[in-house]
Amino acid sequence: MAFIDYYKVLGLNKSATAAEIKKAYRKLARKHHPDVNPNDKAAEQKFKEINEANEVLSDPEKRKKYDTYGKDWQHGDAYEQAQRQQQSQRQYQQQGAGGFGGATFSEGDFSDFFESMFGGGGASRGRGRSAGFRGQDFNAELQLDLRDIYETHKRVLTVNGKNMRLTIPAGVENGQVIKIAGKGGPGANGGPHGDLLIQFNISNSTKFKRDGSDLYSNESIDLYTAILGGEITVDTFDGKVKLKIKPETQNGTKVKLKGKGFPVYKKEGRFGDLYITYDIQMPTNLSAREKELFKELKNLKS
């Protein structure tokens, strides 16, 4: 989550040619590709870093800014725009605009000018400070199981060696990203901290399939209960309930248990529904007598 050295990620130095970057990227991408390393989170993260490094270093303009400004390379356009405007202002003043004797634009003036461009208002205040730049955003992934997010709870996350206590809302989605303002990298020249962006990776060790706030499961019932009706006990996410089976229930019949689904994200006390599909099990290892009875039933229907 600290600043990433893209050259180091690809195993190169700053003098690497475009061909060397391309060759290193292809070699590492094949090695760490998710298809080659299924269910390997470390390889998945490495693959992301490799792609990010290649995206920047394979683009001449992005690479130039990265080499010049380091972790602040994405602010390079702002720096360069300010420098161009400063040079234009200096030329204007050196030409004696308005008969003021060609006054020069000092470094202190440039700092004020730069600060005024980016919200500091330094030119009017005369503080002579450099403009502040927002710090780098940090990205983190949090691995959770479906059971972990059934209820809102607190969890400690370590970010750059510091422990941070987070509240995990019930019902977060797999892949969802939440932002914690001001918990990223420190700003430059007094600028604000960046943000911490946390992505939730939700695994599922339960029998239920989740779709938003609704849950789905299958329940087996024997042939006799399906034909004659009866009562079965089924699992829900927070316990067991009894269900009445109607006589002559067909295979694949789906029933809805209202409010027995998953919590609705940031809607306290609201839940989705649970949909249960009946899977009728045919009897096996029938005795001779049972087979005779089924034959009699068949003849009755003839």
Which lysines have a Cα less than 20 Å from the Cα of Lys31, not counting those fewer than 8 places away in the same chain? Lys8, Lys22, Lys23, Lys41, Lys46, Lys48
Out of residues 5 or more away from Lys183 or on other chains, whose amide H comes under 5 Å of its own, with H placed 1.01 Å from N in the peptide plane? Leu196
So which trypsin sites (Lys or Arg not before Pro) in the stretch 190-229 are both in a DSSP loop and have at most 12 other Cβ atoms within 10 Å of their Cβ? Lys207
Could you calculate the contour length gain from Lys14 to Tyr224, that is, 0.36 nm times the residue separation minus the distance between their Cα atoms, to one decimal place in nm? 68.1 nm
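Using unit Cβ charges (K, R positive; D, E negative) and no other charged atoms, how large, in debye to the nearest 20, is the dipole of the stretch 16-79 about its Cα centre? Before the final figure, lay out each step's value.
Details: 14 positive and 12 negative charges, 62 e Å.
Here the stretch 16-79 has a charge dipole of around 300 debye.
Grab the Cα-Cα distance for Asp235 and Asn201, subtract it from 0.36 nm times how many residues apart they are, and report the gain in nm with one decimal.
Working: separation 34, 0.36 × 34 = 12.24 nm, distance 2.49 nm.
Net length gain for the segment: 9.7 nm.
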Cα-centre dipole for the stretch 255-302 with unit charges at Cβ (Lys and Arg positive, Asp and Glu negative), debye to 20: 240 debye
Cα-based reach from Lys256 at 24 Å (exclusive), listing lysines while leaving out same-chain residues under 8 positions away: Lys207, Lys209, Lys240, Lys242, Lys244, Lys246, Lys266, Lys267
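At a 1.4 Å probe, what is the % contribution of carbon and sulfur to the accessible area of the stretch 8-51? Display every interim value, and only then the final one.
Values: 1690 of 3180 Å².
Carbon with sulfur: 53 percent of the solvent-accessible area.
Given axes a ≥ b ≥ c from the Cα gyration tensor, I'd like to know whether the stretch 143-302 is rounded (a/c under 1.5), prolate (a/b larger than b/c) or oblate. Provide the component values of the computation, followed by the final result.
Details: a/c = 4.65, a/b = 3.74, b/c = 1.24.
Since a/c reaches 1.5 and a/b is larger than b/c, the shape of the stretch 143-302 is classed as prolate.
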Förster-model FRET efficiency, 25 Å R0, Lys62 and Glu141, C-beta, rounded to 0.05: 0.50
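When Lys and Arg each count +1 and Asp and Glu each count -1, what net charge do the other residues less than 11 Å away from Phe47, Cβ to Cβ, add up to? Write out the running numbers ahead of the final one.
Working: positive: Arg30, Lys31, Lys41, Lys46, Lys48; negative: Asp35, Asp40, Glu44, Glu49, Glu52.
Local net charge: 0.
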His75 accessible area, 1.4 Å probe, all protein chains in place, Å² to nearest 10: 60 Å²
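What GluC sites (Glu not before Pro) does the stretch 189-298 have in DSSP loop regions with at most 15 other beta carbons within 10 Å? Don't skip to the end; give the middle numbers.
Numbers: sites: Glu219, Glu231, Glu248, Glu268, Glu290, Glu292, Glu296; in loops: Glu248, Glu268.
Answer in residue order: Glu248, Glu268.
Percent relative contact order of the stretch 169-228, based on C-alpha pairs within less than 8 angstrom and at least six residues apart? Walk me through the intermediate numbers first.
Working: 63 pairs, mean separation 16.6, N = 60.
Computed over the stretch 169-228, the figure is 28 percent.
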Lys266-Lys162 pseudo-label distance in nm [points 7 Å out on the Cα-to-Cβ vector]: 2.4 nm
In nm, to one decimal, how far is the modelled label at Asn299 from the one at Arg30, with both set 7 Å along Cα→Cβ? 7.3 nm
Debye intensity ratio in log₁₀ form over the Cα atoms of the stretch 1-72, taken at each q of 0.12, 0.15, 0.17, 0.28 Å⁻¹: -0.31, -0.48, -0.61, -1.31
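Just by accessible area at a 1.4 angstrom probe, what is the order of Asp40, Asp211 from largest to smallest? It would help to have the intermediate numbers written out before the result.
Numbers: Asp40 65, Asp211 100 Å².
Accessible-area ranking of Asp40, Asp211, largest first: Asp211, Asp40.
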Per residue, how many Å² of accessible area does the stretch 153-292 show with a 1.4 Å probe? 61 Å²
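The values are calculated or read from the model by the stated rules, or taken from the named source; none is laboratory data. Because the structure is a prediction, the values reported are computed rather than measured. As a convention, Cβ positions derive from the backbone with ideal geometry for all residues, glycine included, and neighbour counts pool all protein chains shown. Ligands, DNA and RNA are excluded from the accessible area calculation, which covers all protein heavy atoms including side chains. Shrake-Rupley method; radii C 1.70, N 1.55, O 1.52, S 1.80 Å.
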